[in-house]
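The values are calculated or read from the model by the stated rules, or taken from the named source; none is laboratory data. Keep in mind that what you see is a predicted model, and the values were worked out from it rather than measured. Because the Cβ atoms are built from the backbone with ideal geometry, glycine has one as well, and the counts that use them run over all protein chains shown. Just the protein is used for accessible areas: all its heavy atoms, side chains included, with ligands, DNA and RNA removed. Shrake-Rupley method; radii C 1.70, N 1.55, O 1.52, S 1.80 Å.
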Amino acid sequence: MAESMVGLKRSHRCTEVSSADIGKKVTVMGWVAKRRNLGALIFVDLRDRSGILQILFDENIIGKEGFDKAYTLRNEFVIAVEGEVVKRSGAVNESLKTGDIEIAAKTLRILSESETPPFPIEENIQTKEDIRLKYRCLDLRRPDIQSNIIMRSKVATLTRAFLAKEGFLEIETPMLTKSTPEGARDYLVPSRIHPGKFYALPQSPQLFKQMLMCSGYDRYMQIARCFRDEDLRADRQPEFTQIDMELSFVDVDDVIDVNERLLAYLFKEVLDVDVQLPIQRMTWQEAMDRFGSDKPDLRFGMELQNVSDIVKDCGFGVFTGALENGGSVRGINAKGQGSMPRKKIDALVDFAKGYGAKGLAYIAIHEDGSYKSSFAKFMTEEQMDALVKAMDGEAGDLLLFAADRNKIVWNVLGALRVELAGQMGLLDKSDYKFLWVTEFPQFEWSDEEERYVAMHHPFTMPMDEDLDMLETNPGAVRAKAYDIVLNGTEIGGGSVRIHQADVQQRMFKALGLTDEVANEKFGFLLDAFKYGVPPHAGLAYGLDRLVMLMAKRDSIRDVIAFPKVKDASCLLTNAPDVVDAKQLDELSIKIEEEKTEE
């Protein structure tokens, strides 16, 4: 029978009690994490969001009625205990913050009973994720998940405080806005008052924060909810959170400066980790050439080597064919992996095919210096020696090569080096390696649309020295764009924005957008720009990704209170779900069943 807490007031959370409180009367409340019955004594581990505190139930102190009640306690019962802080009667538990004390209970109230949970409320359990997410309210009680959620709150609070001190104003932008389908798909919201018309949920506050700069607010920030109806991917969420900012009268270095100091502040305050400033910078081209990725992981080497010149005259058609088609031949050196079994090498080949490779060529260097290779018969001894030398190959190394168009070679080897680093134990989650990637291409070619599309968005400013190529060679134009990368994950990105009407018009033209289409999509922003717009730039972090890396987790779902699963559904609430016909009628929406052929 659940009891009332009338007359009780919690004095401390569990780990707010310490040896300094010995002899004091306290009132604590929480969940029963564990109960141990030793006959004359009962011990209970009481858990709340702060941690664990041991409660001692002694019949000589609490009386027979209270002791009998303690005997009925089971895991996840919610209880209130009044008692005295005493030195722990047994051995000190070094793993607990409160391991040297306990509460000698004088009164006990059972505030709520619990059925047996579907899985243990413990750290690092192996329960399937779909079960955990179905019972997310229980999963959120687990100390490791609570630690993640508390860290997320701390990061958000510290970010607000830091940016406020730097002169940023927190301003909310609309959730119901206009669809501007230049990017991912929008989530649409039908309007009851305007039948047949729709709002869109924001993919980002991009256009509004630029208009705030037009409005003279100078420095804006927001911890903003964003929505993207993207194709299914394991670690993407249909709704996510950005630390969003925009600044006026700045260029690239100004945005990078304030953000480096923000990151250093967060990592010191939350993790006591010193971030060395300034953070290393690398152009997009250098990142792709060295690491095959625009978000390179710098915790390990295994850099790509371009060996095109060395193999251009060899007899291996895979290499020469790639070069004749304008591609390249590049390789990576997996140090000490020369004895890798053929079965594992074949698995790497299959892995590479998943990233567009037709195959992988390899050279395994034996301890005696001899080679085992998939293509040696097409090469002279001198060519093989030159290739191994170019790859810095030594006894015991495994050299892996990809040959194709640059984009495919980068994708394949960029992914392969990370896969191998994982297998080789080179990915230390406590080693935080930051990098700014700069000078991204302004455009990328879309085979689907048969036109150039903006790599970031249509309002990104080209590099000043590349403006002359907007019409003549758009593929060579670099952007004043910058991403902040941590351990191979992009945690944020931004750019200097176009503030000159003529440059914006040229940008739209390069994207194949007519004046009419540009006005239809972005007219409200372009109109605002007619009345005096300052030079401005911005950046947005993925809060979920940032906290995931700080918490050393593998999935953003572990740092979001109520995440969706891969198909964008919520296992806890069973959303999305059908709605009443009356609601659809009010929105002038009719659902038609898909007709199937007999």
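In the complete set of protein chains, residue-level accessible area for residue 162 is approximately 30 Å², probe 1.4 angstrom. Each Lys and Arg adds +1 at its Cβ and each Asp and Glu adds -1 at its Cβ; summed about the Cα centre, the chain shows a dipole of about 2200 debye.
The lysines whose alpha-carbon is closer than 29 Å to the alpha-carbon of residue 87, local same-chain residues fewer than 8 away aside, are 9, 24, 25, 34, 64, 69, 97, 106. Of the listed residues 508, 240, the order by accessible area with a 1.4 Å probe, largest first, is 240, 508.
Cross-link partners for residue 566 among the lysines, with Cα-Cα distance under 28 Å and sequence neighbours closer than 8 places in the same chain left out: 128, 134, 154, 178, 295, 353, 407, 429, 552, 590, 595.
Per residue of the chain, the DSSP helices (runs of n ≥ 4 H) give a summed -39500 (n - 2.57) that works out to -9000 deg cm²/dmol at 222 nm. Normalising the average separation of contacting C-alpha pairs (under 8 angstrom, six or more residues apart) by the number of residues puts the relative contact order of the chain at 13 percent. Contact order, relative form, for region 357-415: 42 percent (alpha carbon pairs under 8 Å, 6 or more residues apart, mean separation divided by residue count). Rounded to the nearest 20 debye, the dipole magnitude of region 322-384 is 320 debye, with +1 charges on Lys and Arg beta carbons, -1 on Asp and Glu beta carbons, and the Cα centre as origin. Using the alpha-carbon centroid of each, what span in Å lies between region 434-511 and region 263-278? The distance from the Cα centre of region 434-511 to that of region 263-278 comes to 30 Å. Net charge within 11 Å of residue 51 by Cβ-Cβ distance, Lys/Arg positive one each and Asp/Glu negative one each, not counting residue 51 itself? Summing Lys and Arg as +1 and Asp and Glu as -1 gives +1.
Just to be sure I understand, if you calculate Cα extents along the principal axes in Å for this structure, which of (i) 95, 66, 43; (ii) 91, 75, 66; (iii) 111, 86, 54 do you get? So the structure-derived entry is (ii). Choose one of 328, 470, 262: the residue whose Cα lies farthest towards the positive end of the charge dipole of the chain (beta-carbon charges +1 Lys, Arg; -1 Asp, Glu; about the Cα centre). About the Cα centre, the residue reaching furthest to the positive side is 262.
Among 6, 517, the order of accessible area from largest down is 6, 517, computed with a 1.4 Å probe on protein heavy atoms.
Considering only 92, 204, 301, and ranking their Cα positions along the charge dipole of the chain that arises from unit charges at the beta-carbon of Lys, Arg, Asp and Glu, the one farthest toward the positive end is 92. With all protein chains in place and ligands, DNA and RNA left out, the 1.4 Å accessible area ranks 451, 261 as 261, 451, largest first. The distance from the alpha carbon centre of region 328-399 to that of region 220-246 is 41 Å, rounded to a whole number. Ignoring everything but the protein chains, give the 1.4 Å probe accessible area of residue 87 in square angstrom, nearest 10. Here the accessible area works out near 150 Å². Mind checking which of 63, 518, 482 is farthest towards the positive end of the chain's charge dipole, using Cβ charges of +1 (Lys, Arg) and -1 (Asp, Glu) about the Cα centre? Positive-end residue among those listed: 63. Mean separation of Cα pairs under 8 Å and 6 or more residues apart, divided by the residue count, gives region 262-317 a relative contact order of 19 percent.
Within the assembled protein chains, the solvent-accessible surface assigned to residue 214 is about 30 Å², based on a 1.4 Å probe.
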